[in-house]
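The values are calculated or read from the model by the stated rules, or taken from the named source; none is laboratory data. Being a predicted model, the structure only gives us computed values, none of them experimental. Cβ sites come from the backbone with ideal geometry, for glycine too, and all protein chains shown count toward neighbours.
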Amino acid sequence: MTAEPPPSGDARLPLRERKKLRTRQALIDTALELFTARGFGGVTLDELCDAVEISKRTFFRNFAGKEDVAMAPTQDLWRTFLDDLETREPGDRPVAEMLQEALFASLERMTEDGWAHRVLLSRRLAGKTPSMDAHGLHFCHGTSRAALDILHRRFRFDAPDDLRPRLALDLLIAASHCAIEQWTNRPGTPTREDLATDLRAAFAALPGSLTLTAAVRAE
């Protein structure tokens, strides 16, 4: 008799945790659907909670506010990136390459059905919602600091105030922003694989950006 394969994904979690994850996902999907249809400011928190049939207390167990739930798909990617950094070995390669590998590994773990579509809706909303844009900048700053703390805690550099780890992180994040923007502007419905392609192109352009020269345009 052949043994059944072990459960994967959410099936490995206790029932209580699976219910929490389903509630969280329902909030994200419903929020993005409503915000896209009616505008970010056209949906109140009460209306969102009513649509998912939960209390505000349950909402705030999952998210800090409307901006937080609307930007959750991309934030989940970066939280997974931080988790990856906690265990990734540096190997005999530049830190910048290690960081890129961590981000690609995190992207591969974004396997939920519709994740790329949710990111697309979120990014398009952020482009016309100043409060979401501000929230994203705040989250980005916090993620950068958390990643830098991990690097300095786990790895040895020439000096505690060595600027290179921070600059490597800043370049990674800047290139990622460029890639996500380019991906968002792709025609049709871009996929997770398309995002990986745009990330590779952005990272490949980094060395040349540091040696780029410019000439004044002729009148």
Only residues that are among the acidic types (Asp, Glu) and part of a helix (DSSP H, G or I): list them for region 43-77, please. Asp46, Glu47, Asp50, Glu67, Asp68, Asp76
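Given the structure, is Phe155 out of contact with any strand residue (DSSP E or B) (no Cβ under 6 Å at 6 or more places or on another chain), hydrophobic (A, V, I, L, M, F, W, C), closer than 19 Å to Leu85 by Cβ and modelled with pLDDT of 95 or more?
On the way: out of contact with any strand residue (DSSP E or B) (no Cβ under 6 Å at 6 or more places or on another chain): yes; hydrophobic (A, V, I, L, M, F, W, C): yes; closer than 19 Å to Leu85 by Cβ: yes; modelled with pLDDT of 95 or more: no.
No.
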For the list (1) assigned by TED's automatic domain parsing to the domain that holds Leu169; (2) among the basic types (Lys, Arg); (3) farther than 28 Å from Leu199 by Cα, I need the number of the one condition that Lys20 fails. (1)
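Quick one: is Glu86 out of contact with any strand residue (DSSP E or B) (no Cβ under 9 Å at 6 or more places or on another chain), closer than 21 Å to Leu206 by Cα and assigned by TED's automatic domain parsing to the domain that holds Ala196? Give the derivation first.
Values: out of contact with any strand residue (DSSP E or B) (no Cβ under 9 Å at 6 or more places or on another chain): yes; closer than 21 Å to Leu206 by Cα: no; assigned by TED's automatic domain parsing to the domain that holds Ala196: yes.
Spelling it out, it is not the case that Glu86 is out of contact with any strand residue (DSSP E or B) (no Cβ under 9 Å at 6 or more places or on another chain), closer than 21 Å to Leu206 by Cα and assigned by TED's automatic domain parsing to the domain that holds Ala196.
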Out of (1) touching a residue at least 24 places away in the same chain (Cβ under 8 Å); (2) farther than 26 Å from Gly188 by Cα, the odd one out for Ala51 is which? (1)
Checklist (1) of a type in the set (Ser, Thr, Tyr); (2) under 17 Å from the mean Cα position of the chain (by Cα); (3) not in a helix (DSSP H, G or I) applied to Thr80, failing item: (3)
List the pairs whose first member sits in region 90-118 and is without any contact (Cβ under 8 Å) to a residue 40 or more places away in the chain, whose second member is not in a helix (DSSP H, G or I), and whose Cβ atoms are under 6 Å apart, counting only residues at least 6 apart or on separate chains? Met98/Pro90; Ala102/Arg88
Just wondering, is there one or more residues in region 200-219 that are within 13 Å of Ala116 (Cβ to Cβ) and hydrophobic (A, V, I, L, M, F, W, C)? no
For region 76-93, check the following and say yes or no: at least one residue is touching a helix residue (DSSP H, G or I) at 6+ places or on another chain (Cβ under 6 Å), within 16 Å of Leu21 (Cα to Cα) and of a type in the set (Phe, Trp, Tyr). no
Taking Ser176, is it closer than 30 Å to Thr189 by Cβ, crowded, with 16+ Cβ neighbours inside 10 Å, touching a Ser or Thr at 6+ places or on another chain (Cβ under 8 Å) and at pLDDT 95 or above? no
Of all helices (runs of 4 or more DSSP H) fully inside region 104-217, the set with 1 or more residues that are in contact with a Leu (Cβ under 7 Å, 6 or more places away or on another chain) and of a type in the set (Ser, Thr, Tyr) is 115-126, 130-154, 164-184
Scanning region 123-171 residue by residue, those under 16 Å from the mean Cα position of the chain (by Cα), over 20 Å from Lys66 (Cβ atoms) and charged (D, E, K, R) turn out to be Arg145, Asp170
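Assess whether Ala37 counts as being farther than 27 Å from Ile150 by Cβ, modelled with pLDDT under 95 and out of contact with any strand residue (DSSP E or B) (no Cβ under 8 Å at 6 or more places or on another chain). If you could, list the steps in order and put the result at the bottom.
Numbers: farther than 27 Å from Ile150 by Cβ: yes; modelled with pLDDT under 95: no; out of contact with any strand residue (DSSP E or B) (no Cβ under 8 Å at 6 or more places or on another chain): yes.
Taking the combined requirement at face value, the residue does not satisfy it.
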